[in-house]
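To keep things clear, I will list the structure first and then write my remarks on it.
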Amino acid sequence: MKTDERHRTIAELLRRRQEVTVEELTVACDASGATIRRDLEILAANGVLRRVHGGARSLIGRGENPGYGQRELEDRDSKKRIAAAVAGLLVDREHVWLDSGSTATEVARALFARELTIMPMSLRSLNVLAGGDAAGTRPALLLPGGGLIPGELSFRGPMAESNIRSLRFDTAVLTPCAVDLKDGILAHDIDDAAVKRAGLESAGRVVVAVSASKWDAQARALVSGLERVDVLVTDKKFSAEERAQLDQGSLEVVTV
């Protein structure tokens, strides 16, 4: 098993369990104890887990949002497909508002060499978009300001919201913490919901990029109903009943 495969396996186990031992992980990953211990040190440094004697402990409390390090390891292939589809919806010279989170970071990677103006809502996306040497086409960047959330490295607060609302974007790319057909777009906390709502309300078109695992997930802060969304990009396979509900409005669904 390759390193990234082992890391995903460990993260998935700690989604379901509070604690795992090195011995259990050697079996699950078909790797030596020394290799697993190195993996746990790396994952602990990236905020995925807490290292304890003889194994690792999950950082996910009941009903809490997993940390960025944990989410970054999950649904990677789906997020890359979603990001590529989002990139295909944007045309050169658009002004784009880009949400925060691991899916948004993948979207930033897909937009790295595009002729766009982008306001990224996290330092992670900002670093992706501003990275490398100066040669070639690169998006112009607008910074929202505001406070910075540790771990997530996302911008929050009244200053960020005010700066977002002072501009008009061609497209807002939202990456919800959860989504469902009844309530629509959800976030884990009211500060994140307020920033997402500011981005949505400042854009001529709203694209929601969300992996199947976020459908019907737990989140409490309402951002908006799906009637405010123009395009939904997801890897979720909808039932006939769900598709009929989606088809009642003008929402375009892109399945990857």
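The values are calculated or read from the model by the stated rules, or taken from the named source; none is laboratory data. Keep in mind that this is a model prediction, so the values were computed, not measured. All Cβ positions, glycine included, derive from the backbone under ideal geometry; neighbour counts span all protein chains shown.
Observations on the model:
- Every residue from region 19-56 that is under 20 Å from G151 (Cβ atoms) and assigned to a loop (DSSP other than H, G, I, E, B): N46, G47, V48
- Members of region 104-163 that are within 23 Å of V210 (Cα to Cα), of a type outside the set (S, T, Y), more than 19 Å from the chain's Cα centre (by Cα) and part of a strand (DSSP E or B): none
- Checking each residue in region 5-25 for being over 16 Å from I42 (Cβ atoms) and β-branched (V, I, T) picks out only T21.
- Among residues of region 18-29 that are over 15 Å from H53 (Cα atoms) and at pLDDT below 95, those with a beta-carbon under 6 Å from a residue that is of a type outside the set (A, V, I, L, M, F, W, C) and part of a helix (DSSP H, G or I) at least six positions away or on a different chain give the pairs T26/G33; A28/T9; C29/R6; C29/T9.
- Flag for L14 being surrounded by 14 or more Cβ atoms within 10 Å (Cβ to Cβ), in a helix (DSSP H, G or I) and at pLDDT 90 or above: no
- For K214, the criteria (1) charged (D, E, K, R); (2) surrounded by 16 or more Cβ atoms within 10 Å (Cβ to Cβ); (3) more than 17 Å from L186 (Cβ to Cβ) hold in every case but one, which is (3).
- In region 119-176, of all residues being more than 18 Å from Y68 (Cα to Cα) and of a type in the set (D, E), the one that is surrounded by the fewest Cβ atoms within 10 Å (Cβ to Cβ) corresponds to D133.
- Any chance L186 is touching a Pro at 6+ places or on another chain (Cβ under 7 Å) and under 18 Å from A83 (Cβ atoms): no
- Inside region 177-197, residues that are surrounded by fewer than 21 Cβ atoms within 10 Å (Cβ to Cβ) and assigned to a helix (DSSP H, G or I) make up a count of 3.
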